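**Student:** Take this structure, written in structure tokens, and hold onto it; I'll ask about it next.
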């Protein structure tokens, strides 16, 4: 069993994975594949579009979801944010270790 299969996933996660794998998919088909109401897929799609993960394209009577590949700038910005957070967490861990050292001797 792969690690991805061990993780708990939601229907929204499944929608994201489906759109990413297909590149583009009609919303009604996505709803059928995920066994959810089309209204739920549309609601999730609007949230995902606000987050920049997907794009909603309307074609006459059908709505399609398209995967949005992040730009180099977006990836760089996310990477920088990740490393800042990592550094902050490392400092916090060091402080906690220093606080715990005297208490550790008591145990």
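The values are calculated or read from the model by the stated rules, or taken from the named source; none is laboratory data. Please read these numbers as outputs of a predicted model, since none were measured by experiment. So basically every Cβ, Gly included, is an ideal-geometry build from the backbone, and we count neighbours across all protein chains shown.
**Student:** State whether the residues of the stretch 84-100 include one that is under 24 Å from the mean Cα position of the chain (by Cα), part of a helix (DSSP H, G or I), in the same structural domain as residue 19 (by TED's automatic domain parsing) and modelled with pLDDT under 95.
**Tutor:** no
**Student:** With the structure loaded, tell me whether residue 56 is modelled with pLDDT of 90 or more and either part of a strand (DSSP E or B) or under 15 Å from residue 18 (Cα atoms) (or both) or whether it fails that test.
**Tutor:** yes
**Student:** Would you confirm, using the coordinates I've provided, whether residue 43 is surrounded by fewer than 16 Cβ atoms within 10 Å (Cβ to Cβ), out of contact with any helix residue (DSSP H, G or I) (no Cβ under 6 Å at 6 or more places or on another chain) and farther than 23 Å from residue 74 by Cβ?
**Tutor:** yes
**Student:** I've got another one for you. Output the residues belonging to the stretch 7-31 that are out of contact with any strand residue (DSSP E or B) (no Cβ under 6 Å at 6 or more places or on another chain), loosely packed, with under 12 Cβ neighbours inside 10 Å and either modelled with pLDDT of 95 or more or within 13 Å of residue 66 (Cβ to Cβ) (or both).
**Tutor:** Residue satisfying the conditions is 21 alone.
**Student:** In contact with a helix residue (DSSP H, G or I) (Cβ under 8 Å, 6 or more places away or on another chain), surrounded by 12 or more Cβ atoms within 10 Å (Cβ to Cβ) and part of a helix (DSSP H, G or I) - does that describe any residue in the stretch 66-73?
**Tutor:** Among the residues of the stretch 66-73, not one is in contact with a helix residue (DSSP H, G or I) (Cβ under 8 Å, 6 or more places away or on another chain), surrounded by 12 or more Cβ atoms within 10 Å (Cβ to Cβ) and part of a helix (DSSP H, G or I), which makes the answer no.
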